[in-house]
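Reading through the structure tokens given below for one structure.
The values are calculated or read from the model by the stated rules, or taken from the named source; none is laboratory data. Predicted model, so just to flag it, every value in this text is computed and none were measured. In this analysis, Cβ positions are derived from the backbone assuming ideal geometry, glycine residues included, and neighbour counts consider all displayed protein chains.
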Amino acid sequence: MAVAATGAEKPKVGERRGDMLSQGNHFEETAVQDHIIDIILKHFRYHGGEHVDTPVLEPEEVAKLDSETKTEMRCELKQDGNRPQSLRDDLTVPLMNYLATRNNRNCCCYQLGKVFRRDKTKVKELYMCDFDIVGNYDRMIPDAECLTIIHGILKELQIGEFLIKVNDKRILDGFSAISGVPADALHEVLGKLDKVAWAEVRNKMVNEKGISPKAVDLIEKYFCQSGTRSAGDRSTFEEGKDLIKKLLQDPQLSQNEEAMAGLSDLKLLFEYLPFFGIKNKVVLDLSLVPWLKFYTGIIYRVSVGHTTSDLLPWEVARGGRYDELYKELCPVEKKSVPCVGFTINIQEITSHILKQKEEMVQTKKMQVLVASKEENLLQERIRLASELWSSGIKAQLLWERDLKEETPLQYCRKKGIPHLAVIGEEQLKEATVELHIVDTQEKVDLLRGDLVKEIQRRISSVEELNS
């Protein structure tokens with residue numbers, strides 16, 4: 001039973017995604033997010049993605065397969081039953097569990113949904129959008145297509161210069177084996193290469209981590225050479241391609257099968273990418289480390305803002321290959337099921353657009369505001385708006401009789417509405433309408449019967465210019 005709040009007690013709202021702006025318009029935020037999601041899902045469908053809706057609740061033993069969320073951060077549910085459950089904290093593990101329970105080893109799908117994490121310093125409710133390709137296909141073709149989808153989404157969103165950094169977990173595992181540096185220590189070191197000078201990193205490895213100088217020299221040899229992003233911000237696709245060929249012939253790495261397998265796949269990926277038309281946005285970054293324990297091969301992160309000196313890069317997408325996860329969730333499965341996918345950071349993109357105002361997204365995607373010159377024409381405004389609605393035009397009818405604090409044109413500029421249709425006593429007598437083009441301040445007098453066609457013509461012209 002609902003209990004009304006007393007005067008001294010305010011209703012409490014559950015923690016959700018977290019404030020993207022400290023003082024923001026929720027409806028504007030939602031409109032921006034809807035705009036982003038529309039573009040993302042459009043590209044997913046272009047590439048054959050089918051929508052899958054996975055359960056929000058998952059068994060505790062399944063939830064533990066995801067190492068991104070520590071146990072203390074996981075949202076566990078108290079219940080009377082014998083099987084503990086958690087709210088999902090990512091979308092990949094639930095997808096694999098969903099497919100494994102249905103014996104489905106082949107699909108191209110996407111998910112859009114919320115995940116939940118319990119932590120004081122992080123948001124508790126996150127929106128995630130994933131795309132995954134599951135099944136046996138030619139090597140590296142699904143991986144290249146995933147990168148192509150990300151490229152298409154970011155290009156259309158126009159949120160700034162972006163860079164796709166790729167690596168392969170098996171190269172790191174192979175290096176760890178031949179150098180004797182534990183994988184955890186290696187990952188920690190590599191994570192600092194783009195933030196701290198090499199001399200400082202070296203000193204910390206030798207004096208604090210107890211890593212031998214010989215092993216540290218090996219790290220410098222492999223991870224600080226030209227062609228990998230960890231060596232500097234100017235490495236290119238072609239330099240990365242050349243470095244992969246060089247490492248395939250390296251006498252030490254060639255002794256490790258895992259490293260060779262990872263390099264071989266990267267070589268093939270770099271051969272395919274020019275055909276997909278995205279090579280200028282892809283670089284090799286040997287310092288890129290896996291952030292989830294279930295990744296088995298290629299991994300990639302996508303950042304925005306890398307070319308702007310006064311703007312730190314921020315992550316917009318990440319993903320990789322996880323060929324063993326299906327088998328872990330399906331004990332009767334004898335063989336690995338190839339899987340690759342990625343997640344798009346919807347919230348970061350939304351926050352960026354809202355804060356930087358790089359792109360204006362209309363709160364309701366309105367195309368016309370209907371207004372009148374006199375205050376007593378509310379019924380006529382309703383009649384005109386109804387004519388526009390019945391013709392499929394998105395028209396806004398202000399519910400108040402008049403705007404007291406701003407002119408209709410000011411309202412249109414504030415809300416991003418491109419057209420203003422105005423009627424008055426004179427227009428009613430002559431069966432005409434004034435159509436104002438907000439951006440150009442142009443005014444066109446039209447017969448009322450021609451208004452719909454003129455608005456549709458102008459909308460089509462703008463869409464053609466933007467396509």
> Is it the case that some residue within the stretch 183-193 is surrounded by fewer than 17 Cβ atoms within 10 Å (Cβ to Cβ), farther than 26 Å from GLU257 by Cβ and of a type outside the set (A, V, I, L, M, F, W, C)?
Replying inline: yes
>> Which condition from (1) within 21 Å of TRP291 (Cβ to Cβ); (2) over 18 Å from the mean Cα position of the chain (by Cα) is the one that ARG102 breaks?
In response: (1)
> Looking at LYS165, LYS169, LYS204, which one is surrounded by fewer than 18 Cβ atoms within 10 Å (Cβ to Cβ) and either in the same structural domain as LEU325 (by TED's automatic domain parsing) or at pLDDT 95 or above (or both)?
Replying inline: LYS204
>> under 25 Å from ILE349 (Cβ atoms), modelled with pLDDT under 95 and not small (Gly, Ala, Ser): which single residue out of LEU325, LEU288 fits that description?
In response: LEU288
> Is it fair to say LEU369 is within 23 Å of LYS429 (Cα to Cα), at pLDDT 85 or above and assigned to a strand (DSSP E or B)?
Replying inline: yes
> Of all residues in the stretch 276-286 being part of a helix (DSSP H, G or I) and in contact (Cβ under 8 Å) with a residue 60 or more places away in the chain, which is surrounded by the fewest Cβ atoms within 10 Å (Cβ to Cβ)?
Replying inline: PHE276
> Can you tell me which residue in the stretch 145-201 is nearest to the chain's Cα centre (by Cα), limited to those that are within 22 Å of GLU271 (Cβ to Cβ) and of a type in the set (Val, Ile, Thr)?
Replying inline: ILE150
> Looking only at residues in the stretch 110-138 that are modelled with pLDDT under 85 and within 16 Å of the chain's Cα centre (by Cα), which one is farthest from GLY320 (Cα to Cα)?
Replying inline: GLU125
>> Restricting to the stretch 407-417, name every residue that is outside any helix (DSSP H, G or I) and either more than 19 Å from PHE27 (Cα to Cα) or of a type in the set (Lys, Arg) (or both).
In response: THR407
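When the stretch 313-354 is examined, which residues are found to be assigned to a strand (DSSP E or B) and in contact (Cβ under 8 Å) with a residue 40 or more places away in the chain?
Across the stretch 313-354, the qualifying residues are VAL316, ALA317, GLY319, GLY320, ARG321, CYS339, VAL340, GLY341, PHE342, THR343, ILE344.
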